[in-house]
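Presented below is the structure to which this report refers.
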Amino acid sequence: MKKIVVLPALVFLPFVFPAFAVDGVNSGASMTTGAVPSHYSLAAAARNPAMAPLIVPEDERWRLSYLPSISASYEIGNVENFADDLEELIDIIDDPSLVEDLESTRIRFNDVLVRMGQEGYIKNSVNVSIPVSPVYFDSGTLGGTIYMDVNYGAQVSLRVLDSPLTVNQTAQTLETDTSIYIKSGIETKISVGYGRELLEINDGFFGAGRLYAGAKVSLIELELSKQVTRIEDLNGEEVSDVIRDEYDNNLESNTNIGIDVGLLWDAGNYRVGLLLDNINSPSFDYGPVGENCEARTQGSVERSSCDYSEQLVADGRLDGRESHTKHALLRVNGLYKLSDRWHISGALDLAEYDDIVGDENQWFNLAMSYEAKSRYIPSPRIGYQSNLAGSEITSYTFGFTWLKCLSLDVEMSTDSVEIDGESAPRRAGFSLAFEESF
């Protein structure tokens, strides 16, 4: 029997591409605190450019990160043994002798396929920052702080386009048009931002504090690809091999500009921020599917996939030419110091938005952290986050910062799903970051 492993293929798929999607996973301490400008992270200005002036101490001009950070997460649809059943079906179609009764197998999998098509998916996200980035420079001439950030990200999802399973009585085989539908995005993002103090209030309605403003311009290169492969056409090939072969055929590379603006009120014992993300709503095109099929080799997996994609487009089940738009998003966040050591923070997206692979997101985060005031005693934090749209999945998070530069955070959903006979969280992730606190 030829084993075709679906889940590992998707888990490691981001690493077979030349770069790593920033939309998919928070990095550093933000995996626990959410999109809150945290003093545990030098990447705080990425959450709100108005935060930049607070990161460089008054007696310094420069601040930078010496080592890279990496974050990764996965999310699985609420279908028990989704990957296992899909692998088993692929094996059976490849070798019908694996089962004794084709009719009972057809009945069993037709029910499974419907559930796969409705809720079955696997999604992976990776985010990597390069060494030195981010870099901050306090410019006396410009009266504020300039910063630059470079990130790589990847996001990939696998879904099933289900179709009835039938028995070919003559050939004694099982047949179906059920397909694996994969969408992926690879993002390179170079950002330059500026933040400065707007005014200082010594006695106002909200007490004494300072108002900061900032803006960020990002050059975004996004490589988008999607592909459809009928499981009948795999013919014993590894899923990961087919994915790699087809990836370049459907790839579209786009470059655009994203603009963010932010405000931040810092009152010492509390901080409130407002971010308008991607105010210009940059748009990026996916590679087309179901087009120019005659250019593919007759009888190849690529030709069969293209022909079937063309049929799906004609039937209205698939968008042959799709765009991903980073819609303008308003996000609020805040931090309150319960004491000099205990902090509580939260963030909320005020609207839904699609991530790179087209899933709906609207995140709410709540976290509490403890400042150990020591380089050698870890400063822990715990958090709660929920997607108020799309999957509506909820996770608990935990992390700590040690030596004032090493941050390790993990995420685990409250929902679980069965995989290969074992219970596993539907969503889980980790982040390892090397960055100074400030």
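For region 59-162, the percent of C-alpha pairs falling in each 5 Å distance bin, counted from 0 to the bin holding the largest distance, reads 3, 10, 14, 12, 10, 8, 7, 7, 7, 6, 6, 5, 3, 2, 2, 1. Measuring with a 1.4 angstrom probe and ignoring ligands and nucleic acids, E322 comes out at about 40 Å² accessible. Note on region 62-109: Cα-only Rg and Dmax are 21.3, 71 Å.
Here each label is just a point 7 Å from Cα along the line to Cβ, and for N81 and I344 those points are 4.5 nm apart. The solvent-accessible area of Y247, taken with every protein chain present and a 1.4 Å probe, is close to 10 Å².
T325 contributes about 40 Å² of solvent-accessible surface, heavy atoms of the protein only, 1.4 Å probe. Taking 11 Å as the cut-off, the amide N atoms of region 328-359 that come nearer than this to a point 7 Å along the Cα-to-beta-carbon line of S281 belong to 328-329.
Cysteines in the chain lacking any other cysteine Cβ under 4.7 Å from their own Cβ: C405. Placing +1 on the Cβ of every Lys and Arg and -1 on the Cβ of every Asp and Glu, with no other charges, gives the chain a dipole of roughly 2280 debye about its Cα centre. Distance between the C-alpha centres of region 231-304 and region 124-156: 22 Å, rounded to the whole angstrom.
What residue among V156, M116, V167 has its Cα farthest toward the positive end of the dipole of region 104-172, where the charges are +1 on Lys, Arg and -1 on Asp, Glu, each on the Cβ? Final value for the positive-end residue is V167. For K183, K337, the ranking by accessible surface with the largest value first comes to K337, K183, using a 1.4 Å probe. In the chain, taking the dipole from charged Cβ atoms about the Cα centre, the farthest positive-side position among N280, L199, F434 is held by L199. Taking label positions 7 Å along the Cα-Cβ direction at both L142 and D59, the computed distance is 2.6 nm, reported to one decimal.
Amide H contacts under 5 Å for G290: E310, restricted to partners 5 or more places along the chain or on a different chain, H placed in the peptide plane at 1.01 Å from N. What you get for region 319-438, charging only the Cβ of Lys and Arg (+1) and of Asp and Glu (-1), is a dipole of about 880 debye around the Cα centre. Comparing I382, S304, A208 along the charge dipole axis of the chain, the residue lying farthest to the positive side is A208, per the Cβ-charge model.
The values are calculated or read from the model by the stated rules, or taken from the named source; none is laboratory data. Because the structure is a prediction, the values reported are computed rather than measured. Cβ coordinates were reconstructed from backbone atoms using ideal geometry, including for glycine residues, and neighbour counts include every protein chain displayed. Keep in mind that these areas ignore ligands, DNA and RNA; they rest on the heavy atoms of the full protein, side chains included. Shrake-Rupley method; radii C 1.70, N 1.55, O 1.52, S 1.80 Å.
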